[in-house]
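Here the structure is laid out as structure tokens; the discussion comes afterwards.
The values are calculated or read from the model by the stated rules, or taken from the named source; none is laboratory data. As the structure is a computational prediction, the values presented were derived from the model and not from experiment. All Cβ positions, glycine included, derive from the backbone under ideal geometry; neighbour counts span all protein chains shown. Protein only, heavy atoms only, side chains kept; ligands, DNA and RNA dropped before computing areas. Shrake-Rupley method; radii C 1.70, N 1.55, O 1.52, S 1.80 Å.
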Amino acid sequence: MPRFRFDDDDVVVIVGSGAGGGTLANELCQKGQKVVVLESGRNHTPDDFINDEWRSFKQLAWLDKRTTSGSFRIAEDFPSLPAWTCKTVGGTTVHWAGCCPRLMEHEFKAPTYYGDLDGVNALDWPISLGEVEPYYDRAEAKLGCTGTNGIPQLPASNNYKVFANGAQRVGYKRFHTGRYASSPVPYKDRPATIQDGFNFQGVKNRSKWSTLTVELPEAEATGKLDLRAEAHVIRIEHDEQGLATGVTYVDGDGLEQFQRARLVAVAGNAIETPRLLLNSASSTFPDGLANSSGQVGKNYMRHLTASVYAIFDKPVHMYRGETMAGHIEDEAPNDPSRGFVGGYYMQLLALGVPFMAAFMDPGAWGRDFTSALEGYENMAGMWLVGEDMPQETNRVTLNRDELDEHGQPVPNVHYDDHPNDVAMREHAWAAGEALYEAVGAVRTIRTPPYPATHNLGTTRMSERPEDGVVNGFGQCHDVPNLFVSDASQFTTGAAANPTLTIVALAIRQAEFIAEGLRSSSIPTGRASWDGRDPGGAAPAPEQAAVGTGAA
Amino acid sequence: MSHQLSDDSRETALAAARTMFPHDGLPDEAYAKVVGELEAGAAGDPSVAAGIEQGIAQLDDPQRFVELDDDARLEALRRCEGSPFFDLLKATAVVELYDNPLVWKAFGYEGSSVHLGGYIKRGFDDLDWLPDPPIALDPTAGSHHR
């Protein structure tokens, strides 16, 4: 792998190696662009992954200090863990299960279809489904989604048999084993699934798409990728014109380094991305970089999320097989007659005993709780994932009372459920219970939201610069050579699991960036190579100059 | 190194963990793991150790916890609900008790599977008390987004 020089002003720097960053890196490398990917986490291989929930969690999860506030139950149950995302090369694609629904047409136009709701700060996306569709096609081919590109559906697991029979009995029509990025047959260089049941723990046999196992190796093969693990970016630097010049990061030895960049793309997820922009405040941008709209960090969404588990009088063994290979679409359309706008999917879900104990009813104790766990062998489960409403007061801010190991303020995540979210969750819980009761459940359990893996909306796309942070290509309105490449750009949350859309947008963004750099329609910061921000802190040249030369 | 509780204190802590998360079929060994973790957590932190000793003393006052019947144990535990010791015991137990292959086996969870080739030939689809449902979208159902 090449090592580009710290003063190389021809590289694109990408912060983060997950679905957005890893995909963008590969797409740009394929077009001949030199790319430096800076990833906070370590470089694990699938051989390192562990079929054990707590040990895997400690290996892969993002456990840097965070704080929470607001009335959501997470602030009480898991006050320092608002999100379940990953700190490892590959980001949260290492943890994701593989569900790949597309957004629906109306979900790009929430205010148009949902009307004005009190407390909701929604916008129409500046792009339509039609504009994204060709990129969805390419994303599905890249991810190898079952049910597309000639790839067969996954077979019915035990958990799916309960789920789908229940769906039939309550009259649902649109259910299947999912568009899913792990296949029953080999796809490209990936083997078929062995149904090991540890999707969330990385998938040791590499059958699941991740940037770790697909995008980054493809990028590396071009000779254009310089991937640096354990490189935690603490600040984006800019010149006197307000253009990005590069980033300052702390390397694995704890040293601050400055990497010059022609263009910077941030893909740290919807908590770390706004945190980095806010922590990059300078005299030119006192409210944070790219924040003239004041929307950086606001409109944080985490999806509806809830679960229903059900206990039967016969064995299910829900943990065997692909964890989330089941999908019901019938509750996804926008049908305000249900008492809320937007919709939700019902998806298969299983946890092992350790995480069932931790997440089924956090804080509970006593025989009611333990008797449910004793029903584990006969238990089936589903996840309820729906559109939560963007609210300006749900936001990621800097908590200046708490500093991380690099001396940077940690992010605080504030979240209150909107009444629409509460109504949707109640409906979804009841619908899930009805489904399981239709196939003979002897007990059903309503499980509250988990720490969020779907983190969305904190640097949202907007047509007008005053309404949001980035345009329809993820390009910052204020800083044209700074991009956002993760789900922070989502204008509204939609009901769909976000990875497929993140990947589709990254493919589309890569075309825009490559053309913009070729034609010079995207300007480049002109700072001296050490990138000192005339108005803000910058690394000392002697710290920045210790790098190796180009390989 | 871990902080050593007295035998009596260890006995009280184990009984309290069992009262909190009662599983009649599980041996004391499963709950002893919780107590071991409490002792490990107290090592090197005298304030944690003191908090544990104090919490146990409260459970043993006025009568030793282990001498109480089940209802009285529950009552004694409820009296200290919300105390730092109660919260520590609960947080420790809910992880340690269920992070144990002995407990998994009792509940019918098989743990690591990849070294056995996953479940593709070991029962991922062996449920036979329901009919096999369709796995693909019914083309007549009119999916709204594909």
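Distance between the pseudo-spin-label points of A:S371 and A:E511 (7 Å out from Cα toward the beta carbon): 5.9 nm.
Here region A:198-268 has an Rg and Dmax of 15.7, 50 Å, counting Cα atoms alone. For region B:50-55, backbone phi angles converted through the Karplus equation (6.51, -1.76, 1.60; θ = phi - 60°) give residue-by-residue couplings of 5, x, 5, 4, 5, x Hz, Gly and Pro being listed as x. With 20 Å² as the minimum drop in accessible area between chain alone and full protein complex (1.4 Å probe), the qualifying residues in region B:18-48 are B:M20, B:F21, B:P22, B:H23, B:D24.
What is the Cα centroid distance between region A:1-38 and region A:475-489, reported in whole angstrom? A separation of 16 Å, based on Cα centres. Place a point 7 Å from the Cα of A:E256 along the Cα-to-Cβ direction; which residues of region A:281-321 have their backbone N under 15 Å from it? From region A:281-321, the list is A:281-283.
Counting only other chains, and only Cβ atoms inside 10 Å, what mean value do you get across the residues of A:458-466?
On the way: counts 0, 0, 0, 0, 0, 0, 0, 0, 0.
Mean shielding count: 0.
Straight Cα distances below 26 angstrom link B:K33 to the lysines A:K58, B:K90, B:K105, with same-chain residues fewer than 8 positions distant left out. Solvent-accessible area assigned to carbon and sulfur over chain B amounts to 52 percent, based on a 1.4 Å probe. For region A:259-355, the Kirkwood estimate of hydrodynamic radius, built from reciprocal distances between every pair of different alpha carbons, is 18.2 Å. Computed from the Cα positions only, the extents of the protein assembly as shown along the three principal axes stand at 79, 66, 51 Å, in decreasing order.
Interface burial in region A:184-216, defined as at least 30 Å² less accessible area with all protein chains than with the chain alone at a 1.4 Å probe, covers A:I194, A:Q195, A:D196, A:F198.
On a per residue basis, region A:284-414 carries 27 Å² of accessible surface, using protein heavy atoms and a 1.4 Å probe.
Full extension from A:R400 to A:E463: what is 0.36 nm times the residue separation minus their Cα-Cα distance, to one decimal in nm?
Values: separation 63, 0.36 × 63 = 22.68 nm, distance 3.21 nm.
Net length gain for the segment: 19.5 nm.
Net charge near A:L129: determine it from the other residues with C-beta under 10 Å of the C-beta of A:L129, scoring Lys and Arg +1 and Asp and Glu -1.
Values: positive: A:R102, A:K109; negative: A:E105, A:E107, A:E131, A:E133.
Net charge in that neighbourhood comes out at -2.
Rounded, prolate or oblate: which fits region A:348-431 when a ≥ b ≥ c are the square roots of the eigenvalues of the alpha-carbon gyration tensor, with rounded for a/c under 1.5 and prolate only if a/b beats b/c? Because a/c hits 1.5 or more and a/b fails to exceed b/c, region A:348-431 counts as oblate. Straight Cα distances below 17 angstrom link A:K65 to the lysines A:K87, with same-chain residues fewer than 8 positions distant left out. Take the convex hull of the alpha carbons in region A:136-217; its mean projected area over all directions comes to 6.0 nm². The residues of region A:149-249 expose, per residue, 29 Å² of accessible area to a 1.4 Å probe. Quick one: Cα centre-to-centre distance for region A:218-243 and region A:83-161, in angstrom? What the calculation gives is 27 Å, centre to centre. Ordering of A:115-121, A:350-356, B:35-41 by packing is A:350-356, B:35-41, A:115-121, highest average first (other Cβ atoms within 10 Å, averaged per residue). Assuming a ≥ b ≥ c are the square roots of the Cα gyration tensor eigenvalues, decide whether region A:65-164 counts as rounded (a/c under 1.5), prolate (otherwise, with a/b larger than b/c) or oblate. Verdict is oblate for region A:65-164.
Looking at the square roots a ≥ b ≥ c of the eigenvalues of the Cα gyration tensor of region A:212-313, which shape do they give, rounded for a/c under 1.5, prolate if a/b is larger than b/c, or oblate?
Oblate.
Taken per residue, the accessible surface of chain B reaches 51 Å², heavy atoms only and a 1.4 Å probe. Which part of region A:227-271 falls in the paramagnetic zone of A:R42, meaning amide N under 20 Å from the point 7 Å along Cα-to-beta-carbon? Of the residues in region A:227-271, A:227-233, A:250-255 have backbone N under 20 Å from the label point off A:R42.
Is there a simple number for the mean count of other chain Cβ atoms within 10 Å of the Cβ of residues in A:148-157, and what is it? Mind showing how you got there, number by number?
On the way: counts 1, 0, 0, 0, 2, 4, 1, 5, 8, 7.
Mean partner-chain Cβ count within 10 Å for A:148-157: 3.
For the interface of chains A and B, what total accessible area is buried with a 1.4 Å probe, rounded to the nearest 100 Å²? Kindly include the intermediate steps, with their values, before the conclusion.
Numbers: alone 19000 and 10020 Å², together 24080 Å².
By this definition, chains A and B bury close to 4900 Å².
Accessible surface for B:E75 stands near 90 Å², nearest 10, in the context of the full protein assembly shown (1.4 Å probe).
Derived scalar couplings between HN and Hα for region A:475-490 equal 8, 5, 4, 8, 10, x, 9, 10, 10, 10, 10, 10, 6, 4, 6, 4 Hz in order, rounded to whole Hz, by the Karplus curve 6.51 cos²θ - 1.76 cosθ + 1.60 (θ = phi - 60°), x for Gly and Pro.
So, counting K/R as plus one and D/E as minus one, what does the shell of residues with Cβ under 11 Å around A:Y114 add up to? Don't skip to the answer; put the middle values down first.
Numbers: positive: A:K109; negative: A:E107, A:D116, A:D124, A:E387.
For residues surrounding A:Y114, the net value is -3.
Over region A:241-313, Cα pairs under 8 Å with separation of 6+ residues give a relative contact order of 18 percent. A Förster radius of 41 Å, combined with the Cβ-Cβ distance separating B:L74 from A:S80, puts the computed FRET efficiency at roughly 0.85.
How many percent of the accessible area of region A:265-339 is carbon or sulfur, using a 1.4 Å probe? Let's see the in-between values first.
Values: 830 of 1720 Å².
Within region A:265-339, the accessible surface is 48 percent carbon and sulfur.
Counting Cβ atoms of other protein chains within 10 Å of each residue's Cβ and taking the mean over peptide A:348-361 gives 4. Averaging 1/r over each pair of different alpha-carbon atoms in region A:443-486 and inverting the result gives 12.5 Å, the Kirkwood hydrodynamic radius.
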